[in-house]
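Working notes, structure below.
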Amino acid sequence: MTGPPSSPAEALVLGIETSCDETAAAVVRAGREVLSNVIASQTDLHAEYRGVVPEIASRAHCERLLPIIQRALADAGVALAQLAGIAVGNRPGLIGSLLVGVAGAKALAWALGNTPIIGVNHVQAHLIAGCIGPATDRPRPPSFPALGLVVSGGHTSLFRCESTTSCLRIGATIDDAIGEAYDKVAAILGLPFPGGPSLDALARTAEPAIPGFPIARIAPDSLDFSFSGLKTAALYAYQGVPEAAWVQKKREGRNQAPRATLTAAQTAATFQHAAVNAIILKLERALDRHPDCTTLLVGGGVSANSLLRERIGNLAASRRLDARLPRLEYCLDNAAMIAALGHDLLQARDWTSDPWTMTATPTVGMDRAR
Ligand code: KG4
Ligand code: ZN
């Protein structure tokens with residue numbers, strides 16, 4: 001594809017994503033049609049530490065960003081001069097990682113002259129992932145208002161969205177994110193990093209134990225989540241209750257702490273059952289409270305989870321909801337979702353607040369996901 005900068009209707013936006021451990025670039029047309037989606041995962045670099053090492057992540061982004069952008073442009077058949085905008089995930093995330101993407105985006109925009117540069121909220125971008133696709137399978141536009149659910153390694157949040165660019169957070173985890181709990185329980189069970197996908201697979205091989213693990217309801221009307229107790233329940237079920245946690249029972253004259261009661265597969269199944277039930281419970285509460293929301297936007301790495309997808313599918317059928325579960329390639333961190341939301345911000349003329357001095361922000365007050 002050659003020619004002048006794209007018109008607003010068919011706007012070609014380059015997305016750049018470096019918030020954590022994926023270096024990604026994508027070209028999206030008209031905000032929904034993904035022309036290319038290139039992701040360089042750093043999983044192998046962090047595996048031996050069983051978690052993302054920020055310094056290693058930033059250095060890898062530095063090495064990889066420009067080749068990944070070149071690949072994304074080449075795969076899309078798009079020249080830099082045709083871009084209507086450059087969208088970059090600039091918040092929240094690891095500060096060193098975010099800065100590499102922001103500096104790269106600024107350098108490109110500077111070299112191109114007047115190309116707008118749009119700072120995008122990574123969490124809000126996850127919500128658009130179920131609305132994008134390749135030219136052959138481009139989803140129809142969702143209706144608003146919508147409920148939004150982001151389930152990832154760093155976030156577990158519910159939103160009420162009036163549009164893709166205007167979302168208000170109505171619930172969030174008060175401790176661990178669900179993906180973080182998946183990764184920690186997977187480590188307890190000795191599964192490979194990152195733990196979410198392998199725990200999901202193991203959980204499918206066993207039945208959940210009865211009674212199951214506890215689900216934090218927090219308060220009768222709360223839309224917040226808590227996963228730290230669930231993680232501890234999995235630890236004790238698999239490894240037994242440690243002596244220190246057994247003090248009260250010892251006072252009652254019992255000297256032996258309970259031993260492990262569940263196998264790895266049973267622990268995985270029981271954990272997955274409770275974690276997914278916790279999400280569905282809060283989704284049902286949110287739907288009761290926001291009956292005008294007939295669309296459900298879902299995103300984040302854990303939206304790849306097999307049981308969660310199945311249960312959201314059932315919920316959508318029983319509640320007549322239009323549930324937008326992303327294709328698997330858009331569940332995990334990617335730049336197509338960044339380009340898509342960047343396009344919408346550009347169309348809404350909501351990007352001028354990001355001048356050349358735009359910078360990266362590691363945490364954001366998420367009451368408004370902006
Ligand atoms: O959205 P994402 O790529 O990064 C963040 O923004 O955090 O999410 C990564 C998280 C990890 O915790 C990973 O274990 C989890 O998503 N994950 C899964 C599955 N696939 C990825 N968790 C449960 N089941 C899966 N199938
Ligand atoms: Zn993410």
(request) Consider just the alpha-carbon atoms of segment 56-100 and return their Rg together with their Dmax, both in angstrom. (result) 12.3, 33
(request) Could you pull out every one of the aspartates and glutamates with an alpha carbon less than 12 Å from that of Lys184, ignoring same-chain neighbours closer than 8 positions? (result) Asp176
(message) Would you work out the Kirkwood radius for segment 171-307? I mean one over the mean of 1/r across all pairs of different Cα atoms, in Å.
(response) 16.1
(request) Grab the DSSP H runs of the chain that are 4 residues or longer, score each as -39,500 (n - 2.57), total them, divide by all residues and round the 222 nm result to the nearest 500 deg cm²/dmol. (result) -12000 deg cm²/dmol
(message) Treating only the Cβ of Lys, Arg, Asp and Glu as charged (+1, +1, -1, -1), what charge dipole size does the chain show about its Cα centre? Round to the nearest 20 debye.
(response) 660
(message) Between 0 and 90 degrees, rounded to the nearest ten: what's the tilt of helix 264-289 against the longest Cα principal axis of the chain?
(response) 60
(request) For segment 22-176, list log₁₀ I(q)/I(0) at each q in 0.10, 0.13, 0.20 Å⁻¹, using the Debye formula over Cα point scatterers of equal strength and ignoring solvent, two decimals each. (result) -0.41, -0.70, -1.44
(request) Please provide three numbers in whole Å: the alpha-carbon extents of the chain along the principal axes, with the largest listed first. (result) 80, 45, 35
(request) Return one whole number: the accessible area per residue of the chain in Å², for a 1.4 Å probe. (result) 42
(request) Tell me, rounded to the nearest percent, the portion of alpha carbon pairs in segment 1-99 spaced more than 15 Å apart. (result) 60
(message) Probe radius 1.4 Å, ligands and nucleic acids ignored: give me the carbon and sulfur share of the accessible area of the chain as a rounded percent.
(response) 55
(message) No partner Cβ under 4.7 angstrom, meaning no disulfide-compatible partner by this rule: which Cys of the chain qualify?
(response) Cys20, Cys62, Cys131, Cys293, Cys331
(request) Express the relative contact order of the chain as a whole percentage, based on alpha carbon pairs under 8 Å and six or more residues apart in sequence. (result) 25
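The values are calculated or read from the model by the stated rules, or taken from the named source; none is laboratory data. From a predicted model like this one, the values you see are computed outputs, not experimental measurements. Every residue, glycine as well, gets a Cβ built from its backbone with ideal geometry; the counts of neighbours run over all protein chains shown. Surface accessibility is based on the protein's heavy atoms, side chains included, excluding ligands, DNA and RNA. Shrake-Rupley method; radii C 1.70, N 1.55, O 1.52, S 1.80 Å.
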